[in-house]
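Peer 1: Below are the structure tokens for one structure; questions will follow.
The values are calculated or read from the model by the stated rules, or taken from the named source; none is laboratory data. Just so it is clear, the structure is predicted and the values come from calculations on it, not from any experiment. Note that each Cβ is placed from the backbone with ideal geometry, even for glycine, and that neighbours are counted across all protein chains shown. For accessibility, only protein heavy atoms count, side chains too; no ligands or nucleic acids. Shrake-Rupley method; radii C 1.70, N 1.55, O 1.52, S 1.80 Å.
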Amino acid sequence: MLHRVRALFRRQQIDADLQEELRSHHDEITQALIDDGVPADTARRQARLRLGGAAQIRETSRDAWSLGWIETWLRDLRLAARALRRQPMFSVAAIATFALGIGAATAIFSVAYGVAFRPLPYPAADRLVRIYEANTATNESTLDVSQGTFQGWREGAASLAHAALYSKGATQYLAGANPQPMQTMAVSPRFFDVLGVAAAMGRTFKPDDQYTRFTAREIVLSYGAWQRLFGRDPAIVGKSISIVDNSKPIEVVGVMPEDFAFENVDAFQPKPIELPVAKLLRSWHYDRAIARLAPGATLTQLRGELDAVSTRLAEAFPATNGGWKATVVPMRDAVIGQFARASWLLVAAVAAVLLVACANVAGLLIARAMGRARETTIRVALGAGFWRIAQLWFSEALVLAIAGAAVGVGFAWLLVRTLRATAPTGLPRVDDITIDLPVLAVTAAATVASAIVFALAPLAGLRRRAHQGGVRADTDRTGDTPTRRRLSSALVAIQCAAALGLVVLAVAFTRSFLNLAAVDLGWRPERILSLDVAPRLVSPDGRPWFLYHLWSDALIARLEATPGIEHASVVTDVPFGPFQYTAEVAAGPEPRPNETRWPIALHSVMPEFADVLGVQVVHGRRFTDTDAFSQAVITSAARPAGVAIVSESLARKMWPEEDALGKQLHLPGQDQSPWREVVGVMRDAQFREVGADPSFDVYVPWKQFTTGRPRLIVKTTADPAAMAPAVRAAVLAENPATIIDRVIPVETLYRQATSQPRVTSQLVAALGGLALALAGVGIYGALSTLVHARAREIAVRMALGATPAHTWRHTLKTGLIPVLAGTIAGAGLSMLLVAAVRSLLFGVSGVDAWSFAIAAAATLVVALIACAEPAWRAARTEPLRILRGE
């Protein structure tokens, strides 16, 4: 076998050696005969007779060291390449068509695979799960977790091998002349054990019982932070670093591997779970839970165990755990969200586009086969059977497919680079979108499958012709047969059906996104700039909150006096920002046994907040500057009651059919005030998710809430990004030591919040447009081929009295019949597709008449345009010229 493989690449040398060997044998025999007295001419003739036929010997020798069918395939591929080179227009059209289809399919599949199908970069990632708390009163199933509840899960669920908590990311700053921001995350010590990842340098965290809140002074760096912030210092492990506003140094104990990434975090700090504290703070839903299933355990078993634990906790602690359950989802689903279902949609869409492209190229090959009727007849007459011709045509189809795939992969590479460069921040796992070996393997499989489809199409009727040994004279020239006409029409119908299905989806997703974009948020995101600010304020008593209040008053006055700024406010959370404060609220002035609590979003705001965002108080009053605690009150042990504004939905939930004004509420474990009086009802606003059900929001005055890091929102008269330098200057003028980070227009945050539906609608719309364009080209090619093949019939009809107008209508009808059939089939397919993706659509019904009408109209318009030119050409046929040629 090794000699055969080597011979494949040394054909000319082996042929020359064989020729030399035959000549040597001939000369030896000739010389021997001459030595025996035979004349030279006779000796040479007898030597040839004794040696045998040289051609037969060469063929026998080749059979001995050749690879048989492999060499036949290679020869066919060379013949196919030469044949396609002789018809450059056909080859370019077929390769370009297939390149568009396979290129789009490769690019979109790389997106779907990278985001949704590629395994997470952790060992045995399919065993990882996210665990949420679910509140039955509000129907919310993915809320953050309290430490007390988590400890109950960990103690009562045998299906958990490891479990850990981690907090939302926070921005801290390395101390120095120019403080560098560092995204940090507090994690329980078993966090890295859950993920199954060890440090590349140093170590991760020690067991839980070796930390307390006072001794957890360690940090583990990501590889990227080690490079960016510490210059790849090889001796970083064991060194101490200083953090702004943190008086004690922190020791670097490890650096994670380069391929480890978790929510773009730069550094991890240990967050020990202290059981006495955790069991008391059951109402503090601040953390997120991640776990690894034990060997042999299943999600169903874990869900059952956690339900039992939740029931026991609700009985033991009705005030804090009553009405709370657990929700378990695979980690991959938690990371990618709704894009999991959207990815299957994209895979189906690219399959439809590839089907349209294959049908298009198959139609071109049918036309080419009709033009090669005479060649095929000669091959059959010379003894070529059906399978031999099929093999030759498959070779041509394979050459086309490989050439198209090569061009398509280059096209896909450009598309993927563009997608990654323009991908919105909200799209998960963007860095995993790449054209790698798994994607190329799928592309190769699709290429071979496409080549089979290409080759099968022109074989229609070939077996009958091979059996007959020839064809009739009237079809010998064009190869036009009823079988091929029916197949061509079927291909047109398939293209139209697939294109219509995609266009319906494109219209439905576009309308869905437009509906989402038109949602009334309850506030206006335009011309608002957001900033994270950290003023360096020093208080002698260690309580800088009153200084914060003085600083915020002076800063807002300075900003509103700056040209180009209308209003400004300090808040604790920015709409659609990464940091949201959650809490629980209960009615009444003080906690009561078994009281009902509702999970809320808690906002600490200044009075100017309503002016910046344009939110409306529909009942009662807004906050004023008098809604404040004095310095004496802040530093005293006993504080008076405060005030609050609640959202409409929360007011209806807590006090149904009652006026919320004047009612009392308290925030268990959250508030320094004993209770708060409701002084206003705010219109429902969407600050976290566009199009979601109204959330429960509670607003408290900034000067009555001493928890939460200040953030700044500024309403400008012009482009907020252009006003960023002026805002920075004003902030630094008020306090030169202020650290400023995350300067982002709120409208950008809003676009990020709608990034997944936007990307999905754009990709589906692009695929629908591409499929429709390819279908139009396919319709044009099929009808043009038919007009050419039936030129004699058209000429006879016109010679017998058919008018050009009649010919034009007849040809147009012939081209539109398969289009109408495909449109009808596509309508049924579209209903199934829209029903399958109904959960991804917003404000679009399962049977959406507008989407079907727009898609059908677009398909028919494209078909009319594609059929018009061939029909016009048929109407201009000159009967005398055609018949004279006959």
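Peer 1: Do any of Lys653/Lys715; Lys325/Lys663; Lys239/Lys271; Lys248/Lys271; Lys271/Lys703 go past 23 Å between their Cα atoms, and which?
Peer 2: The pairs that break the limit, which is 23 Å between Cα atoms, are Lys653/Lys715; Lys325/Lys663; Lys271/Lys703.
Peer 1: Classify the chain from the C-alpha gyration tensor, please: rounded if a/c falls under 1.5, else prolate or oblate depending on whether a/b exceeds b/c.
Peer 2: Taking the square roots of the gyration eigenvalues as a ≥ b ≥ c, the chain is prolate.
Peer 1: Once both axes come from the Cα atoms, what is the angle between helix 40-51 and the longest principal axis of the chain, in degrees from 0 to 90, rounded to 10?
Peer 2: Helix 40-51 sits roughly 50 degrees off the main axis of the chain.
Peer 1: Below 13 angstrom from the Cβ of Gln686, what's the summed charge of the other residues (Lys, Arg +1; Asp, Glu -1)?
Peer 2: -3
Peer 1: Express as a percent, rounded to the nearest 5, the fraction of DSSP beta bridges in the chain (both residues included) that run antiparallel.
Peer 2: Expressed as a percentage, antiparallel bridges in the chain total about 75.
Peer 1: Let me ask something else. From the Cα gyration tensor of region 567-674, with a ≥ b ≥ c the square roots of its eigenvalues, which class applies: rounded if a/c is under 1.5, or else prolate if a/b is larger than b/c, or else oblate?
Peer 2: Rounded is the answer for region 567-674, as its axis ratio a/c remains below 1.5.
Peer 1: Would you kindly state how much longer the chain becomes between Gln56 and Ala835 on full extension, computed as 0.36 nm times their sequence separation minus their alpha carbon distance, in nm to one decimal?
Peer 2: Net length gain for the segment: 273.7 nm.
Peer 1: If you count only protein heavy atoms and use a 1.4 Å probe, how large is the accessible surface of His162, to the nearest 10 Å²?
Peer 2: His162 exposes around 60 Å² with every protein chain in place.
Peer 1: Of the options Ser343, Val698, Leu313, report the single residue whose Cα projects farthest towards the positive end of the charge dipole of the chain (beta-carbon charges: Lys, Arg +1; Asp, Glu -1).
Peer 2: Farthest towards the positive pole: Ser343.
Peer 1: Decide, for region 780-886, between rounded, prolate and oblate: order the square roots of the alpha carbon gyration tensor eigenvalues as a ≥ b ≥ c, take rounded if a/c falls under 1.5, and otherwise choose prolate if a/b is larger than b/c, else oblate.
Peer 2: Verdict is prolate for region 780-886.
Peer 1: Turning to a different aspect of this structure: Quote the relative contact order of region 295-397 in percent (integer), defining contacts as alpha-carbon pairs under 8 Å separated by 6+ residues.
Peer 2: Value for region 295-397: 14 percent.
Peer 1: Rounded to the nearest 0.05, what FRET efficiency do Ala518 and Leu18 give with R0 = 60 Å and r taken as the Cβ-Cβ distance? Could you check?
Peer 2: The value I calculate is 0.15.
Peer 1: Restricting things to Cα coordinates, could you compute the convex hull volume per residue of region 93-182 in Å³?
Peer 2: Value for region 93-182: 272 Å³ per residue.
Peer 1: If you don't mind, another one. When the solvent-accessible surface of protein heavy atoms is calculated with a 1.4 angstrom probe, in what order do Lys248, Lys168 fall, highest first?
Peer 2: So, going from the largest accessible area down, we get Lys248, Lys168.
Peer 1: Still on this structure: Counting Lys +1, Arg +1, Asp -1, Glu -1, what net charge surrounds Ala40 among other residues with beta carbon under 15 Å of its beta carbon?
Peer 2: Net charge around Ala40: -2.
Peer 1: Still on this structure: Listed highest first by mean packing, meaning other Cβ atoms within 10 Å per residue, what order do 825-833, 665-673, 41-49 come in?
Peer 2: 665-673, 825-833, 41-49
Peer 1: Let me ask you something else. Any idea what angle helix 720-734 forms with the longest principal axis of the chain, computed on alpha-carbon atoms, 0 to 90 degrees, nearest 10?
Peer 2: Approximately 30 degrees, to the nearest ten.
Peer 1: Please give the Cα centre distance for region 695-762 versus region 780-805, rounded to the nearest Å.
Peer 2: 68 Å
Peer 1: Let me ask something else about it. Over the heavy atoms of Ser761, what accessible area does a 1.4 Å probe trace out, to the nearest 10 Å²?
Peer 2: Around 10 Å² of this residue is reachable by solvent.
Peer 1: Which value in deg cm²/dmol, rounded to the nearest 500, describes the helix-derived mean residue ellipticity at 222 nm for the chain, given -39,500 (n - 2.57) per DSSP H run of n ≥ 4 and division by the residue count?
Peer 2: Calculated mean residue ellipticity at 222 nm is -17500 deg cm²/dmol.
Peer 1: Here is a further query. Roughly how many Å is it from the Cα centre of region 641-673 to that of region 287-308, as a whole number?
Peer 2: 36 Å
Peer 1: Related question: To the nearest 10 degrees, how steep is helix 755-789 against the longest Cα principal axis of the chain, on a 0 to 90 scale?
Peer 2: 20 degrees
Peer 1: How many percent of the accessible area of the chain is carbon or sulfur, using a 1.4 Å probe? Don't skip to the answer; put the middle values down first.
Peer 2: Values: 23730 of 40150 Å².
The C+S portion of the solvent-accessible surface of the chain is 59 percent.
Peer 1: Oh, and also: Counting Lys and Arg as +1 and Asp and Glu as -1, what is the net charge of the other residues whose Cβ lies under 11 Å from the Cβ of Gly620?
Peer 2: It works out to a net charge of +1.
Peer 1: Name the residue from Phe513, Leu531, Ser604 whose Cα lies farthest towards the positive end of the charge dipole of region 505-621, charges +1 on Cβ of Lys and Arg and -1 on Cβ of Asp and Glu.
Peer 2: Phe513
Peer 1: Return one whole number: the accessible area per residue of region 130-191 in Å², for a 1.4 Å probe.
Peer 2: Details: 2060 Å² over 62 residues.
Ligands and nucleic acids excluded, the figure is 33 Å² per residue.
Peer 1: Another question, if that's okay. Could you sort 172-185, 805-818 so that the peptide with the highest average Cβ count within 10 Å comes first and the rest follow in order?
Peer 2: Packing proxy ranking, top to bottom: 805-818, 172-185.
Peer 1: Using only the heavy atoms of the protein chains and a 1.4 Å probe, how would Trp872, Trp153 rank by accessible area, largest first?
Peer 2: Heavy-atom accessible area, descending, gives Trp872, Trp153.
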